[in-house]
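Undergrad: Can you keep this structure in mind? I'll have questions shortly.
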Amino acid sequence: MPPLDQTAAPTIAPASAPALDFPWAEPPAPATTIEVAPGVRWVRMPLPFRLNHINLWLLADGDHTVVVDCGYGLSETRDHWRTILAERPPTRVLVTHFHPDHMGNAGWLSETYGAEVATTESEWLWAHYARYGDPVTELDERLAFYRAHGLDATRLDALRNRGNWYPQGVPTLPRHYRRLRDGDIEMIGGRRWRVVIGRGHAPEHAMLHCAELDVLIAGDQVLPKITPNVSVQHPEPLANPLKLFLQSLERLRNLPDDTLVLPSHGLPFRGLKARLDAMSDHHDDRLAEVMDACARPCTAIDIVRVMFRPDLDIHQLGFALGEALAHIRLLEADGRLTRATDPDGVIRFLRAA
Ligand SMILES: [Zn+2]
C-alpha cells in the first residue's frame, strides 16, 4: 500500500498567512479537553512521527459523546481515551479518512464501547486494502513504480526493508460501518452537522460543517501551517489527485470566512479564505517549478530534488515522490507535459512543444 503514515508533504511549507487568527495559543494537555465551541471539545493525542500530534474532536450528544477521529493505534492513546470518555461514553465514531492516525483506534473504540463507526465508502475500503492487502505483492508493485520513476537501487533496497506497517497504526478495524455521503446530515446534540467531502489528500475525506456554530471540522483537508500530502501512488498511477484537491479547496470558499476551522494538526484558526489562497498559491508555485525543470527530460525523482530539500529520509521519500508526481500528473493531464519511457523502463517528463 502507499506509505500512509504521514499527513504533511515533506515540503517547505508556505508561511502561515498573516490573516489567520488562532484563538487558542496552546493545545489541551494530554488526557484533557478544551471546549472550542458549545458542545465541541478538542483532544490532542500523540503520534510516533516527526508530526508528533493529532487533534481529535468530541461532540456532546446528551449523556454521550460523538468522537471525530480515533488517533493512532498506541496504548498511550487508548489510555487517554479511557480517561476522556469515562463519564460520557461514545455512541458514534465519525472517521474523516483512512490514514492510521485517524482510523487507528476505530476498531478498539467500537469493541470497547459498542460505538457505531461511520465513514465514507472509499475510506472504509482503503482501510481494508491497507490493513489486509497482500503485503508482498503490494511491496513489489510499489517498488516497481518507484523504480520506473527514477529511484536508485540503494534506496529501493532501503524501502524494501521497511515493509508495510499500516497494521501497527490500525491494529483492528470495526466489523461493520455506516456509510457517510456528501451532504448527509449528522444530528448531534440537537445540531446539524453536514458532511462535506474533500478529495486529493485521501480518496473521499469527510469534513463536518455546523452552520449554527460556524465550525468546520476539517480533518487533514485544510491545515493552518503545513500542506497536506497530495500523492500519486502505485495503485492508481494515472490519478490526478492535485486537481481533485484544488477543486475541493474551491468548494470550501462557499463557507463564511469567520468559520472556526478545526484541523487535525496545528491549532484551530479563523481565516479560511486566506488559508485556501495560501494553499492554492503554494501549489501554483510548485507547478511552475516543475514546468521550469522539465525544459529538459526529468524523472519524478529529478523533480523531488527541485521541490524538496535534499536531506529527505527514506520515510519521507515516498511522500515526496508521490507529491512530485501529483504535480507532474496535473500538468500532463492538462497537456503541458509529455512522458517518454526509456528502454530500461524509466519514465521521463518533458514540457510539451
Ligand atoms: Zn491524512
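Undergrad: What distance in nm separates the simple spin-label points at residue 295 and residue 212, each placed 7 Å from Cα in the Cβ direction?
TA: With each label point 7 Å from Cα toward Cβ, the separation is 5.8 nm.
Undergrad: Continuing with this model, one more query. Going by a ≥ b ≥ c, the root eigenvalues of the Cα gyration tensor, does the chain fall in the rounded group (a/c under 1.5), the prolate group (a/b larger than b/c) or the oblate group?
TA: prolate
Undergrad: Which length gain, in nm to one decimal place, applies between residue 160 and residue 88 when the Cα-Cα distance is subtracted from 0.36 nm times their residue separation?
TA: That pair, residue 160 and residue 88, stretches by 21.5 nm at full extension.
Undergrad: Could you list which residues have their amide H under 5 Å from that of residue 219, counting only those 5 or more apart in sequence or on another chain, with H placed in the peptide plane?
TA: 264
Undergrad: When the Cα centres of region 80-113 and region 243-261 are compared, how far apart do they sit, in Å?
TA: After rounding, the separation between the Cα centres reads 27 Å.
Undergrad: Only counting other Cβ atoms within 10 Å, I'd like 109, 139, 238 sorted with the fewest neighbours first.
TA: Placing the least packed residue first, the sequence is 238, 139, 109.
Undergrad: Enter the Cα centre distance for the pair region 294-335 and region 208-227, rounded to the nearest angstrom.
TA: 28
Undergrad: Which residues does a label at residue 34 reach in region 208-230, if reach means a backbone N under 18 Å from a point 7 Å past the Cα toward the Cβ?
TA: The answer is 215-219, 223-226, whose backbone nitrogens lie closer than 18 Å to the label point.
Undergrad: Using the count of nearby Cβ atoms within 10 Å as a rough guide to exposure, how do 223, 260, 125 rank from fewest to most?
TA: Fewest-to-most Cβ neighbours within 10 Å comes out as 125, 260, 223.
Undergrad: Sticking with this structure for a sec: Which residues does a label at residue 306 reach in region 123-166, if reach means a backbone N under 17 Å from a point 7 Å past the Cα toward the Cβ?
TA: The answer is 149-151, whose backbone nitrogens lie closer than 17 Å to the label point.
Undergrad: Hey, how many Å between the Cα centroid of region 137-169 and the Cα centroid of region 177-204?
TA: Measuring centre to centre over Cα atoms gives 33 Å.
Undergrad: Could you please report the charge total around residue 64, scoring K, R as +1 and D, E as -1 over all other residues with beta-carbon less than 12 angstrom from its beta-carbon? Mind dumping the intermediate values first?
TA: Numbers: positive: 88, 92; negative: 61, 63, 87, 116.
Value of the local net charge: -2.
Undergrad: Right, next: What does the charge count around residue 287 come to, taking other residues whose C-beta lies under 14 Å from its C-beta (Lys +1, Arg +1, Asp -1, Glu -1)?
TA: -3
Undergrad: Using the Kyte-Doolittle scale, which helices in the chain average at least 0.0 and also have C-alpha atoms spread 24 Å or more along the helix axis, with helices defined as whole DSSP H runs? Can you show the working numbers first?
TA: Values: long enough: 272-293 (32 Å, -0.66); 314-333 (28 Å, 0.79).
Span-like helices, by this rule, are 314-333.
Undergrad: Can you sort 95, 66 from fewest to most other Cβ atoms within 10 Å of each residue's own Cβ?
TA: Details: 95 28, 66 25.
Taking fewest neighbouring Cβ atoms as first place, the list is 66, 95.
Since every read-out is calculated from the coordinates, none of them should be taken as a lab result. None of these values were measured; they are calculated from a predicted model. Counting neighbours? That spans all protein chains shown, and the Cβs are built from the backbone with ideal geometry, glycine included.
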